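Nothing in this text is a laboratory measurement; each read-out follows from the coordinates by a stated rule. Keep in mind the model is a prediction, meaning the values are calculated, not measured. Using ideal geometry, Cβ is built from the backbone for each residue, glycine included, and neighbour counts are taken over all protein chains shown.
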């Protein structure tokens, strides 16, 4: 049997080079996260579907409103609306914490829950926020979808210390075709029906799309190409209305998938990954990226350091005064990505200045566990070229 080269294996599954056929085809090894007494879990085809399944299964009360940061992905808002709840946005002034005075002033007798987002895997301290929510009878929903999904909440009990609902995604951090889940307090009396297994053909298609995206993006490849590979195309910024239209179509709920749970394939892959190794490699890559860009004029970092034991989704950065730097860097072979580039249409055309500023200016460098020091060596020359003034 012809052995597949490590480079090809790394290329097809860029988030997990150690992925093996046993993870794809072996016996199921993992039924779900281990929970302590007083907690339950609701599964979904992705995190947004898990959230939707949870919300529609909750007993309804007069509280029909959810407070959500304006700087949020459309995929977080849509399941709340689809479940029949109203969304009230707030323009939080920080991405490392929630303004207690601001959210406290917005809470009313109709407020069901407050969403706190742990942006990019950087955990905010929700101790005081949890106290405020409990004093006001409001549920605290912590969004951990930018963090590594936990398998054992008994060992990692601190993950659920303050929240009433914790939302996790498998697809953002691991090379799985589908999957998300919401851990919730049993006292919420969630009565979700047993999720249906996704059709195998759909899961096979998702795996194929993931490989196709990896091949198409040519991650970390210089613009001049390597070997017989052609250079990356010169990308051009898209109009804001087109970006919003694409985002809305990608993040809306597909009614055919609402009742799906997590596939057996994703459960196998989730169980097979060495999570401690993933954390270590991502933290290493964070340090290497920060070192590569140290002292670079025109580049700012909202976060100085990665918190202890944090597993990061990406390294956020700003380039004040330089528009569309993400397009320039991607054309140079650096797979920069954005979060919430298109905000939810319900925000309207004006207001929420801080959220709009982050959506427009904040970019991220990936730190996934497949990045090599050689890859990181391309970063500084690419930034120098992208930030160089046009003649």
*What does the highest-first list of 86-95, 163-172 look like by mean Cβ count within 10 Å?*
163-172, 86-95
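Got a sec? How would 318, 332 order by Cβ neighbour count within 10 Å, fewest to most?
Exposure proxy ranking, most exposed first: 318, 332.
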_Students often check this: by mean Cβ neighbours within 10 Å, which of 43-51, 116-124 ranks highest, and how do the rest follow?_
43-51, 116-124
*On average, how much area does the Cα convex hull of the range 81-222 cover when viewed from any direction, in nm²?*
11.8 nm²
*Using just the alpha carbons, could you tell me how many Å³ per residue the convex hull of the range 317-372 encloses?*
103 Å³
*May I ask you to order 344-353, 252-261 by the average number of other C-beta atoms within 10 Å around their residues, highest value first?*
252-261, 344-353
